[in-house]
Amino acid sequence: MVDFLKKILAYNILDYEREFVVEWAAEHPDVQVDFNSIELHDDTVHLAEGYDGIDYRQRSQLTDGSDLYKKLHDYGIHQLALRSAGVDSCNLKYAKENGLTVTNVPSYSPRAVAEMTLTHAMNLIRHIPQFQKRIRQNDYVVNGLRSKEISNLTVGIIGVGRIGSTVAKIFKALGAKRVLGNDIKENDDFRDLVDYTTKEDIYKNADLITMHTYMSDQNYHMIGKDQFGKMKNTALFINCSRGPIVDTDALVNALETGQIAGAGIDVIQDETKIFNQSFVGEDKIPLPVYTKLMNMDNVFLTPHVAFYTDHAVKNMVKQSLDDTLMEISGKESPHRINV
Ligand SMILES: NC(=O)C1=CN([C@@H]2O[C@H](COP(=O)(O)OP(=O)(O)OC[C@H]3O[C@@H](n4cnc5c(N)ncnc54)[C@H](O)[C@@H]3O)[C@@H](O)[C@H]2O)C=CC1
Ligand SMILES: O=C(O)C(=O)[C@H](O)COP(=O)(O)O
């Protein structure tokens, strides 16, 4: 019989993640890795009792109160490992107050998200949703849908971190006219990729604006009525970061009134009401604003899948389990975020 030294519980393992948990477990025969398909919340936290380490990934908040973090602490757990880059599901303050170190997987594949951003950009630039609609209607007239080329476009990147800088690299390599960047912390390593400037300059001058900040209280509805009002009416807007960064009603209004020319949306506020679920055969979805966007032919939509590549999923799962093991073995993971 194997004498397991450490016990890890991974919450909310999705079907497509399972093979990598199994692979990791096989590579670590002295660790017992159990997993479930439920989210970590007040009513499921008791399952953590008896484990040394917890790994999780979910889009809804762990809890609104600090009880869950206290319970984990009381079970003798000292860490939480997120399998995602974004850490907005976790209240870092409560975690810290209850002696839990939190780790994320910051670089599982910035390229995956950057390539999806490019996909959104190209679809919008070349009017692909509009052409698809015409083709479905047997309308092969091309009038009104002439495109610009990348070399004539100014790209504006808000949040020049791991993903934003990768997006900059791609547009630079494709010969964009200018790549503007805005970040609350400018990074000297990225000065050859972006011309750092203000958000106002980006709203006013960029032909393509793409969001790559993290979600925080300060960044809630960072883009709303005022910001859309400052953009060019030819501007294309992309959000592959987090839904609540953008005020969805303001986005719909900006598209309906022609304040901007199109939008690429991978993430949207309240997306947990519909994403990762199927409503096939039903005539309504519980997020009516998404239906509005779906019915606009200058909008390109994907269901929060910018990260969803084989390389990324493998890294998210295996790296988070590595981090869990390090933390429960008395070592410091390089991915600690709440210290
Ligand atoms: N759609 C998807 O599948 C995925 C989305 N994401 C989202 O993308 C976000 C960014 O990821 P990374 O680039 O890896 O993070 P990062 O932390 O490397 O970069 C974020 C950058 O945004 C900047 N920033 C934050 N608030 C700002 C503000 N108000 N104005 C200007 N700059 C601001 C930060 O200083 C930082 O440089 C994640 O936090 C996550 O929410 C990440 C992975 C997949
Ligand atoms: O890593 C992130 O951040 C993402 O957005 C990926 O989609 C995966 O994480 P969740 O958003 O599903 O937590």
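Beta carbons closer than 7 Å, at least 6 apart along the sequence or on distinct chains, pair a first residue in region 22-47 that is touching a residue at least 24 places away in the same chain (Cβ under 8 Å) with a second that is surrounded by fewer than 16 Cβ atoms within 10 Å (Cβ to Cβ) and assigned to a strand (DSSP E or B) for Gln32/Lys7. Among the conditions (1) within 16 Å of ligand 2 (Cβ to nearest atom); (2) assigned to a loop (DSSP other than H, G, I, E, B), the only one that Ile285 does not satisfy is (1). When Val289 is tested against the conditions (1) of a type in the set (A, V, I, L, M, F, W, C); (2) in contact (Cβ under 8 Å) with a residue 40 or more places away in the chain; (3) crowded, with 17+ Cβ neighbours inside 10 Å, the lone failure is (3).
Every condition in (1) acidic (Asp, Glu); (2) under 28 Å from His127 (Cα atoms); (3) under 20 Å from the mean Cα position of the chain (by Cα); (4) open to solvent by 10 Å² or more (accessible area, probe 1.4 Å) holds for Asp266 except the one numbered (4).
Quick one: is Leu80 open to solvent by less than 40 Å² (accessible area, probe 1.4 Å) and away from ligand 2 (no atom under 16 Å from the Cβ)? Spelling it out, it is not the case that Leu80 is open to solvent by less than 40 Å² (accessible area, probe 1.4 Å) and away from ligand 2 (no atom under 16 Å from the Cβ).
With respect to the conditions (1) farther than 19 Å from Asn219 by Cβ; (2) within 19 Å of the chain's Cα centre (by Cα), Leu100 lacks only one, and its number is (2). Sub-8 Å Cβ pairs linking a first residue in region 235-248 that is more than 11 Å from Gln269 (Cα to Cα) and touching a residue at least 60 places away in the same chain (Cβ under 8 Å) to a second residue that is crowded, with 24+ Cβ neighbours inside 10 Å and among the polar types (S, T, N, Q), at least 6 apart or interchain, are Ile238/Thr117; Ile238/Thr210; Cys240/Thr117; Cys240/Thr210, ordered by first then second residue.
The values are calculated or read from the model by the stated rules, or taken from the named source; none is laboratory data. Computed from a prediction, not measured in an experiment: that's the story for all the values here. We place every Cβ from the backbone using ideal geometry, glycine too, and count neighbours over all the protein chains shown. Accessible surface areas use protein heavy atoms only, side chains included; no ligands, DNA or RNA. Shrake-Rupley method; radii C 1.70, N 1.55, O 1.52, S 1.80 Å.
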